[in-house]
1. Conditions: (1) touching a strand residue (DSSP E or B) at 6+ places or on another chain (Cβ under 9 Å); (2) in contact (Cβ under 8 Å) with a residue 60 or more places away in the chain. A:Lys83 meets all but one. Number of the miss?
2. For the range B:24-83, which positions are facing chain A (nearest Cβ under 7 Å), under 30 Å from A:Lys57 (Cβ atoms), more than 11 Å from the chain's Cα centre (by Cα) and not in a loop (DSSP other than H, G, I, E, B)?
3. Within the range A:35-45, how many residues are more than 18 Å from A:Gly13 (Cα to Cα) and open to solvent by 70 Å² or more (accessible area, probe 1.4 Å)?
4. Which members of the range B:32-56 meet the condition of being among the β-branched types (Val, Ile, Thr), within 18 Å of B:Lys83 (Cα to Cα) and without any contact (Cβ under 8 Å) to a residue 24 or more places away in the chain?
5. For the range A:3-26, name all the residues that are free of Cβ contacts under 8 Å to residues at least 24 places away in the same chain and not charged (D, E, K, R).
6. Of all residues in the range B:6-54, how many are of a type in the set (D, E, K, R) and in contact with a Leu (Cβ under 8 Å, 6 or more places away or on another chain)?
7. Just to be sure I understand, how many residues within the range B:27-83 are over 24 Å from A:Glu18 (Cβ atoms) and hydrophobic (A, V, I, L, M, F, W, C)?
8. Just to be sure before I move on: is A:Gln9 over 15 Å from the mean Cα position of the chain (by Cα), at pLDDT 95 or above and assigned to a strand (DSSP E or B) in the structure I sent?
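The values are calculated or read from the model by the stated rules, or taken from the named source; none is laboratory data. Note that this is a predicted model, so its numbers are computed, not measured. Because the Cβ atoms are built from the backbone with ideal geometry, glycine has one as well, and the counts that use them run over all protein chains shown. When the accessible area is computed, the model is the full protein with side chains, heavy atoms only, and any ligands, DNA or RNA have been set aside. Shrake-Rupley method; radii C 1.70, N 1.55, O 1.52, S 1.80 Å.
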There are 2 protein chains.
Amino acid sequence: MFEAKVTVQLKKGISDPEGVNTLKAIHLLGFKKVQQVKTIRTFDLLIDGTDINQVKKDVEQICQRLLTNPVIHHYEIAIEQKK
Amino acid sequence: MFEAKVTVQLKKGISDPEGVNTLKAIHLLGFKKVQQVKTIRTFDLLIDGTDINQVKKDVEQICQRLLTNPVIHHYEIAIEQKK
């Protein structure tokens with residue numbers, strides 16, 4: 001069993017409207033020292049299997065085909081073996 | 001300047017519809033070995049200031065008042081000094 005954490009972030013220069021609106025709300029609450037808010041999504045996948053290389057390939061495929069948009073996102077994969 | 005990473009996750013037992021639907025889509029793509037998908041949100045805040053204790057207090061307040069719902073979420077804060 002493996003746990004794969006996929007972290008999906010917007011590329012530099014791509015606008016992050018959720019981050020911008022969160023920043024506005026933070027300022028409205030009076031926290032004026034906050035300069036920037038970026039949002040990051042993480043998908044935590046639990047995967048059956050014994051071959052870490054196969055799991056890596058599968059997660060890479062899942063990222064490219066489903067979880068991310070290569071035009072606007074970059075992503076990182078961290079895989080850990082679970083007992 | 002400080003960078004605060006706020007990780008917001010659903011509490012155990014709270015359903016994660018986005019994770020459930022992502023899992024369905026992954027299965028439809030043919031990756032049947034994926035057992036579970038959990039989604040996690042991270043807010044990356046850039047905060048002006050010199051006093052880490054004040055920054056910690058502010059981020060704690062921002063979490064409680066805006067970023068999280070204590071009924072369904074638990075959160076973690078990691079603060080790092082930036083040059």
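1. Here A:Lys83 clears every test but (1).
2. Once the filter is applied, which keeps residues that are facing chain A (nearest Cβ under 7 Å), under 30 Å from A:Lys57 (Cβ atoms), more than 11 Å from the chain's Cα centre (by Cα) and not in a loop (DSSP other than H, G, I, E, B), the range B:24-83 yields B:Ala25, B:Ile26, B:Val34, B:Gln35, B:Gln36, B:Val37, B:Lys38.
3. So the count comes out to 0.
4. Across the range B:32-56, the qualifying residue is only B:Thr50.
5. Listed by number, the residues that qualify are A:Gly13, A:Ser15, A:Pro17, A:Gly19, A:Val20, A:Asn21, A:Thr22, A:Leu23, A:Ala25, A:Ile26.
6. Total satisfying the criteria: 2.
7. 5
8. Taking the combined requirement at face value, the residue does not satisfy it.
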